[in-house]
Amino acid sequence: MPASDTVIITCAVTGAIHTPSMTPHLPITPDQIVDAALGAAEAGAAILHLHARDPGTGKPDQSPEAFAPFLPRIKQATAAVVNITTGGSPYMTVAERAEPAARYKPEVASLNMGSMNFGFFPLLAKYTEFKHDWEYDHLEGSRDLVFRNSFKDIEYVLRTCAGNGTRFEFECYDISHLYNLAHFAERGLVEPPFFIQSVFGLLGGIGTHPEDVMHMKRTADRLFGSDFRWSVLGAGKDQFRIATQALSMGGNIRVGLEDSIWIARGELAKSNAQQVEKARRLVEGLGLKVATPDEARAILGLKGADQVAF
Ligand code: KMH
Ligand code: ZN
């Protein structure tokens, strides 16, 4: 991967893992998602990774209609790159998950590079009271949950988005996922530069030990040489430790309440912007530069905000 002192900060503002009872700061309604996204962009996020939720219950909602109230408002108010999830929630089918990206043809969409156990049931040890009925089942159900991303599923998303000029945030939760990406590269179904989002600390995927981070980077270097742009996210309490290590290795970083509801040990983040501000301080503290949205577009070879369908 070419060395660069310009760092792309991605912010994943709400996701589909955390639930409303865990923090009052989780964006749920379209207004809250717009405010969170614009606040994150203002603070320095060049890419906004977006999921949608039911405004009343906060339950993950992957219907294109659920994205419609906030996508155009975000596009009009910021130059930041909009990245639409195709992961949705691991309880959804790949057809459901791919619909919003197919409809809205974003510059970037996430693409999960392998099937895996996806356990967030350990959170039940911490949260016992829930505002909404779906929350307990959402957590407990993950004890028996497989986040399905078969080669056929990945081909489906690639085919569904083919021709839209959408490029991907390749979510790699383990070393095998890098080899899966290499497989699709060999078949010419994905074009470099590959924007690899290494995910650390999700139960069912790779851990958060510095050796795990080194191993991911070393393997990506060996498989993709200069054809990839590396980014990392650390789940939960390891968010900023993983970010710091990756920054010192020339990596880009992802923060946001999708990945962690904390800003410091035992202290809830009051907003996505607060995490992006902390990320910016880390980047600048290391003598690096925060990428603007257009610098991120150039680095990742994106089609431009005027080419999307929202
Ligand atoms: N929830 C993250 C760990 C997706 O949206 O496609 C990974 C993710 C998946 O963001
Ligand atoms: Zn996501």
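The table that follows gives values for the structure above.
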item: Hits in segment 1-38 (condition: of a type in the set (Gly, Ala, Ser), surrounded by 20 or more Cβ atoms within 10 Å (Cβ to Cβ) and more than 13 Å from ligand 2 (Cβ to nearest atom)); result: Ala36, Ala37
item: Matching option when the condition is over 17 Å from the mean Cα position of the chain (by Cα), β-branched (Val, Ile, Thr) and either within 23 Å of His25 (Cβ to Cβ) or within 14 Å of ligand 1 (Cβ to nearest atom) (or both), among Ile263, Ile242; result: Ile263
item: Among residues of segment 234-251, those that are open to solvent by 10 Å² or more (accessible area, probe 1.4 Å) and not basic (Lys, Arg), counted; result: 9
item: Failed condition for Arg241, given (1) closer than 25 Å to Thr78 by Cβ; (2) of a type outside the set (A, V, I, L, M); (3) in contact with a strand residue (DSSP E or B) (Cβ under 7 Å, 6 or more places away or on another chain); result: (1)
item: Qualifying residue in segment 47-65 (condition: touching a residue at least 40 places away in the same chain (Cβ under 8 Å), within 15 Å of ligand 2 (Cβ to nearest atom) and touching a Leu at 6+ places or on another chain (Cβ under 6 Å)); result: no
item: Considering residues of segment 259-276 that are open to solvent by less than 20 Å² (accessible area, probe 1.4 Å) and in contact with a strand residue (DSSP E or B) (Cβ under 7 Å, 6 or more places away or on another chain) only, the residue nearest to Tyr173 (Cα to Cα); result: Asp259
item: Selected residue (criterion: surrounded by the fewest Cβ atoms within 10 Å (Cβ to Cβ)) from residues of segment 131-157 that are small (Gly, Ala, Ser) and under 14 Å from His18 (Cα atoms); result: Gly141
item: Any chance Phe195 is within 16 Å of ligand 2 (Cβ to nearest atom), touching a strand residue (DSSP E or B) at 6+ places or on another chain (Cβ under 6 Å) and farther than 18 Å from Glu258 by Cα; result: yes
item: Residues within segment 45-64 that are small (Gly, Ala, Ser) and open to solvent by less than 10 Å² (accessible area, probe 1.4 Å), tallied; result: 4
item: Selection count where residues are surrounded by fewer than 16 Cβ atoms within 10 Å (Cβ to Cβ) and either more than 21 Å from Ala296 (Cα to Cα) or without any contact (Cβ under 8 Å) to a residue 40 or more places away in the chain (or both), scope segment 69-82; result: 2
item: Number of the exception - Ala98 against (1) within 16 Å of ligand 2 (Cβ to nearest atom); (2) open to solvent by 10 Å² or more (accessible area, probe 1.4 Å); result: (2)
item: Residue that is farthest from ligand 2 (Cβ to nearest atom) [pool: residues in segment 200-240 that are free of Cβ contacts under 8 Å to residues at least 60 places away in the same chain and closer than 16 Å to Ile8 by Cα]; result: Phe240
item: Candidate set: segment 84-95, residues that are in contact (Cβ under 8 Å) with a residue 60 or more places away in the chain and within 17 Å of Phe310 (Cβ to Cβ); chosen: the one nearest to ligand 2 (Cβ to nearest atom); result: Thr85
item: Helices (runs of 4 or more DSSP H) enclosed by segment 97-204 - at least 1 residues per element that are out of contact with any helix residue (DSSP H, G or I) (no Cβ under 6 Å at 6 or more places or on another chain), within 13 Å of ligand 1 (Cβ to nearest atom) and not charged (D, E, K, R); result: 151-161, 175-186
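The values are calculated or read from the model by the stated rules, or taken from the named source; none is laboratory data. Only a predicted model underlies this, so the values are computations on that prediction, with no experimental measurement involved. Here Cβ is always computed from backbone atoms with ideal geometry, including for glycine, and neighbour counts include all displayed protein chains. Only protein heavy atoms, including side chains, enter the accessible area calculation; ligands, DNA and RNA are left aside. Shrake-Rupley method; radii C 1.70, N 1.55, O 1.52, S 1.80 Å.
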